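The values are calculated or read from the model by the stated rules, or taken from the named source; none is laboratory data. This structure is a prediction, so every number in the text was calculated from the model and none was measured. Because the Cβ atoms are built from the backbone with ideal geometry, glycine has one as well, and the counts that use them run over all protein chains shown. Heads up: the accessible areas ignore ligands, DNA and RNA and are worked out on the full protein's heavy atoms, side chains in. Shrake-Rupley method; radii C 1.70, N 1.55, O 1.52, S 1.80 Å.
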Amino acid sequence: VQLQASGGGLVQPGGSLRLSCAVSGSISSIRSWGWYRQAPGEERELVAVVTNGGITNYADSVKGRFTISRDNAKNTVYLQMNSLKPEDTAIYYCNAYRFATIYWGQGTLVTVSS
């Protein structure tokens, strides 16, 4: 399983970005897809996850602002981020969980600053 994240960049507070994660390879039997982030000096933390059945879960800090979604036809997972705050600044990583193995994509940097 290979994952390719994109869509990061510099945005002003209150702005929006949409991250994409293109998934390829042995994508059958993937149980869930997720977005995590890691700020400088901090541990990697869960942002949002969506299961194969469509169940979603979000970190409290992003609820109501971020939305995770999947496009099965494009084998792509998205993270729509609205009302961005400076504390959302981090490297964002996507992952996929399959057969007790977690696959990670490379990170994409999101910087929220005026």
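With every protein chain kept in place and ligands, DNA and RNA left out, what is the accessible area per residue of the range 24-89? Probe 1.4 Å, answer in Å². All intermediate terms of the calculation are to be shown ahead of the outcome.
Numbers: 3680 Å² over 66 residues.
That works out to 56 Å² per residue.
List the GluC sites (Glu not before Pro) in the range 35-114 that DSSP assigns to loop (not H, G, I, E or B) and whose Cβ has at most 13 other Cβ atoms within 10 Å. Which are they? All intermediate terms of the calculation are to be shown ahead of the outcome.
Values: sites: Glu42, Glu43, Glu45, Glu87; in loops: Glu42, Glu43.
Sites meeting the loop and neighbour criteria: Glu42, Glu43.
Over the heavy atoms of Lys85, what accessible area does a 1.4 Å probe trace out, to the nearest 10 Å²?
80
Students sometimes get this wrong: rank Thr51, Thr67 by accessible area, probe 1.4 Å, all chains present, largest first. Spell out each step's value before the answer.
Details: Thr51 45, Thr67 70 Å².
The ordering from most to least exposed comes out as Thr67, Thr51.
Based on the Cβ-Cβ distance from Glu42 to Gln4, what FRET efficiency comes out when R0 is 25 Å, to the nearest 0.05?
Numbers: r = 24 Å, r/R0 = 0.96.
The pair Glu42/Gln4 has a calculated efficiency of 0.55.
From zero up to wherever the largest Cα-Cα distance of the chain sits, split into 10 Å bins and tell me the percent of pairs in each.
With a bin width of 10 Å, the distribution comes to 15, 51, 28, 6, 0.
Using only Cα atoms, locate the centre of the range 13-72 and the centre of the range 76-101, then give the distance between them in Å, rounded to an integer.
Cα centroid to Cα centroid, the span is 4 Å.
Provide Ile68, Ile55, Ile27, Ile102 ordered by accessible surface of protein heavy atoms (probe 1.4 Å), highest first. Please list the in-between numbers first.
On the way: Ile68 10, Ile55 115, Ile27 55, Ile102 90 Å².
Correct descending sequence by accessible area is Ile55, Ile102, Ile27, Ile68.
Just the number, please: carbon plus sulfur as a percent of the accessible area of the chain, 1.4 Å probe, no ligands or DNA/RNA counted. Present the calculation step by step, with values, prior to reporting the outcome.
Working: 2870 of 6050 Å².
The C+S portion of the solvent-accessible surface of the chain is 47 percent.
Got a number for the accessible area of Ser16? Probe 1.4 Å, square angstrom, nearest 10.
For Ser16, the solvent-accessible surface is approximately 60 Å².
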